[in-house]
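Here the structure is laid out as structure tokens; the discussion comes afterwards.
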Amino acid sequence: MRIMITKSIKHIITACWLCCGAVAALSPLTSCKEDIDESNLYTFTGETIEDYLVNRSEKFSNFNYILSRIGYDKILSAYGTYTCFAPSNDAVIEYIDSLYDDPVNKELPHNGMTGRGLEGLTDSLCKDIALFHLLGSEVMGVNMGNGLTIKTMLGRDINTSIDSVSGSVLISRYSKVTSMDNELENGVLHEIDQVIRRSNMLVAGEMENRPDKYTLFTQALKLTGLADSLTNISTTDFDAVDNKRGFYTPDKCEQGYTIFAETDETLASRGITNIDQLKEYADSVYGNCAAQGTGWYDYARNNHIAISTANDFKNPWNTLSMFVRYHVLEYKIPYEKLVNSHNQISKVTLVEYYETLLPYTLVKVTRNNGKLMLNRWTANNSLTDMVAELGTPAMHAVLFEGIELQGIREQVAAVNGYIHPLKSTLAYEERVPRGALNERIRIDDTAICFEMMSNSFRGIAYSTVKALNGGKQGTDGRHANCDYIRFPPRFFKNMAIYNGEDTRLYYFPGQGSSWSNYQEDEFNCMGNYDFAMRLPPVPDGTYELRLGYTAENERGMLQFYIGNSSDLSAMQALDIPLDMRIIPANNSNLTPDVYTGWCDWTRLDDKGIESDANMRNLGYMRGPLYYTVGVNSGNYARNNPKDLRRIIARQEFKQGEYWLRFKSVIENPQGEFHLDYIEFCPENVYNNTRYVEDMY
């Protein structure tokens, strides 16, 4: 049966179908899976995306040919909500000719084409090109202007930016949007003047392909052997799950890398113009980093690691290898996602921390005045000389401006990652662990798991999750129509699940949900859970380890354990169990909650200073002023009685391996564990003799 639907009423009809439970029979075809059910295709009174292409065949017949080869002409004639970037006929011919004539890709002659012209395209190449130009949700031009990374139906990202000359929107730097926001019955179409370029090279190959910019860094990658090791693209090496609740469950895990790289011009500005001079620089930085008594690289010093200044470049403890490894992250992150600013307030400096390939080291990324800086160091960060404020400027002098990234237009996208050029040289020198990282380190749960970034899941839109799930929605047992992600065991390298299906791990994107979460999203475990996460590495010191969470009635009760590995025999219990079901009472007479000590700090004359101390004595802290409940709500997490931090431990940490285990201590198959963020707060912040830790 064919049904006539107009755009003005189709959303109302969709809502009715969902309420009636008929979505299984009439689900929107937004999946990029090949099991297309052609019986559920619909026609419209207005133009669909396919109609738009056919009715302008003089302009788009070549792109439509590619779509038809894989059956997507039918998909784009159907009900759904899509975004299509449509390249012109000339753009398609120019692109496929460039593939056939490509002299660089020696491993795949003619990039897989069997001949010149449209007929030379293989079905798999048609699929790659087509799905790289389609999104499973609607993205309008207004969203693309400030820079956006979008997951395509191919599963790979495209990036948007503004051309500085014409002011036009660019897709992945080269494809200009020539006609924007053509709204159609089943989505929106943007006309572009070039096929969106997909790199088929790995990050090292992309770097080598730019001899005008990265000659020295490419040499260093090859000499150290890293060029041959940065090759991961994806894996399916994880367990299947019982997905009876119908959530989107990834069937493969994308993997990749991010490289912060000095250009030849940047190195030349330091007087480094050949590989020998680069090695001398690496020797000067890392040669004595592990020296007993004076070395600042705590992990190497504590483990008596011999640092080599010889020419054994493939030795991971050779200074040149150490230099390169500190530039590499084992996850792929585009420029605009390096710092998340979803629901953080405008007055704070936005910061993220990422682990590098130099063992147990972090690089700090700060957004400052619209620029991204690495390892920026501000005096007395996380401390204040004021009440409920960040502190006077005099106490927060900038001691190191940081290493600036060149910008979104200069990033290079490879098939398995990104290259971000630097304006000065980056190294794990003494001012990093002793300065830039000597502060309260708050890390969102999604930043602990590398795969969240590599798969573009962090902060993903609900509509995109639904599209990945073939237009279907799941239920968590209490709520229907949920666009969550259900992760299989062993999907995450930094997570160990000890009891299989009894620990059901979900990601709730939370975008636009006004949840009281840092960055609004959360990991959530359901069932009689028992799992552990590898903690971010921090420099040697005594720290408070804190867990940020939101209390709810459906939460569970858990015991914390900590160990130097994920082996259960290495774990030791910490503190007493935490009951996440305890929601602090918001007493009108300002009587502190009996369990947590919480009360409404905004009504206290001292802005909650004494109350904060009382809460700490009970092992709790309020949520921070750093972010709001929802976006731009003005309702700070510190004001919300459900938004809490639990002080899990106060102990010495050595730079190295630590795992934190979370074990349910009550039988409840529907019990929830909520993880929002982790904080490491050094003793000189939480126990400072001159200043106090700020409320942010």
Along the charge dipole of the stretch 368-479, which of 396, 438, 370 sits closest to the positive end, that is, farthest toward it, with unit charges on the beta carbon of Lys, Arg, Asp and Glu (+1, +1, -1, -1)?
370
Nearby lysines by direct alpha-carbon distance to residue 472 (threshold 16 angstrom, same-chain neighbours under 8 apart not counted)
33, 244
Taking mean projected area of the Cα convex hull in nm² as the quantity of interest, determine which of (i) 32.2; (ii) 50.4; (iii) 33.9 was computed from the displayed structure.
(i)
Which pairs break 30 Å Cα to Cα here: 176/347; 127/176; 337/466?
176/347
Contact order relative to length of the stretch 458-543, as percent, for alpha carbon pairs under 8 angstrom and 6 or more apart:
27 percent
Pseudo-spin-label distance residue 602 to residue 481, built 7 Å along Cα→Cβ, given in nm, is 3.1 nm
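Please tell me the relative contact order of the chain in percent, rounded to the nearest whole number, where contacts are Cα pairs under 8 Å and at least six residues apart. Spell out each step's value before the answer.
Details: 1558 pairs, mean separation 86.9, N = 696.
Once normalised by length, the contact order is 12 percent.
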Over the alpha carbons of the stretch 393-519, what is the largest minus smallest coordinate on each principal axis, giving the biggest first in Å?
52, 32, 31
Set of lysines near residue 654 by C-alpha distance (under 28 Å), chain-local residues within fewer than 8 positions excluded
314, 332, 364, 493, 663
Could you tell me which helices of the chain pass both thresholds, a Cα extent of 18 Å or more along their own axis and a mean Kyte-Doolittle hydropathy of at least 0.0, with helices taken as whole DSSP H runs?
7-20
Over the heavy atoms of residue 513, what accessible area does a 1.4 Å probe trace out, to the nearest 10 Å²?
40 Å²
Would you mind computing, in nm to one decimal, how far apart the modelled labels at residue 553 and residue 657 are, each placed 7 Å from Cα along Cα→Cβ?
4.4 nm
If R0 is 51 Å, what FRET efficiency do you get for residue 57 and residue 633 from their C-beta distance, rounded to 0.05?
0.55
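For residue 237 and residue 570, FRET efficiency with R0 = 22 Å and r from the beta-carbon atoms, rounded to 0.05? Write out the running numbers ahead of the final one.
Values: r = 24 Å, r/R0 = 1.09.
Working from the Cβ atoms, E equals 0.40.
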Which loop-located trypsin sites (Lys or Arg not before Pro) does the stretch 326-364 contain, where loop means any DSSP state but H, G, I, E or B and the Cβ has at most 16 other Cβ atoms within 10 Å?
347
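How big is the dipole moment of the chain about its Cα centre under a simple scheme where the beta carbon of each Lys and Arg is +1, that of each Asp and Glu is -1, and everything else is neutral? Debye, nearest 20, please.
Values: 66 positive and 89 negative charges, 102 e Å.
That gives a dipole near 500 debye.
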Cβ neighbours within 10 Å, averaged per peptide: list 437-450, 540-553 in order, most packed at the top.
437-450, 540-553
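Kindly report the accessible area of the chain per residue (heavy atoms of protein chains, probe 1.4 Å, no ligands, DNA or RNA), in Å².
Details: 27110 Å² over 696 residues.
On a per-residue basis, the chain sits at 39 Å².
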Considering the zone a paramagnetic label at residue 385 would reach in this model (a point 7 Å from Cα along the Cα-to-Cβ line), which residues of the stretch 419-453 have amide N under 20 Å from it?
439-440
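With a 10 Å radius around each residue's Cβ, average the other Cβ atoms per peptide and rank 350-363, 177-190, highest first.
Values: 350-363: 21.3, 177-190: 19.1.
Top of the packing list down: 350-363, 177-190.
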Provide the packing ranking of 633-642, 305-314, i.e. peptides ordered by the mean count of other C-beta atoms within 10 Å per residue, highest first.
633-642, 305-314
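Taking every pair of distinct Cα atoms and averaging 1/r, then inverting, what Kirkwood hydrodynamic radius in Å comes out for the stretch 346-438?
Details: mean 1/r = 0.0684 Å⁻¹.
For the stretch 346-438, inverting the mean 1/r across all distinct Cα pairs yields 14.6 Å.
Let's test the formula: R0 of 35 Å, r as the Cβ-Cβ distance of residue 609 and residue 494. What FRET efficiency results, to the nearest 0.05?
Working: r = 37 Å, r/R0 = 1.04.
It comes to 0.45.
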Using the Cα gyration tensor of the stretch 156-217, with a ≥ b ≥ c the square roots of its eigenvalues, what is the shape: rounded (a/c below 1.5), prolate (a/b larger than b/c) or oblate (neither)?
prolate
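Is it possible to state the helix-based mean residue ellipticity at 222 nm for the chain, with each DSSP H run of 4+ residues giving -39500 (n - 2.57), the sum divided by total residues, to the nearest 500 deg cm²/dmol? What is it? The partial results should precede the final answer.
Values: 17 runs with 131 residues, N = 696.
Only helices count here, giving -5000 deg cm²/dmol.
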Projected label distance in nm at residue 90 and residue 540, using a 7 Å step from Cα toward the beta-carbon
6.6 nm
Going Cα to Cα from residue 213, which lysines come in below 18 Å? Please leave out same-chain ones fewer than 8 positions away.
222, 423
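Ignoring ligands, DNA and RNA, what percent of the accessible area of the chain is carbon or sulfur (1.4 Å)? Could you put the intermediate results ahead of the total?
Details: 13110 of 27110 Å².
Looking at the chain in its full context, I get 48 percent from C and S.
The values are calculated or read from the model by the stated rules, or taken from the named source; none is laboratory data. On a predicted model such as this, the values are computed, not experimentally measured, just so you know. Backbone-built Cβ (ideal geometry, glycine too); neighbour counts: all protein chains shown. Ligands, DNA and RNA are excluded from the accessible area calculation, which covers all protein heavy atoms including side chains. Shrake-Rupley method; radii C 1.70, N 1.55, O 1.52, S 1.80 Å.
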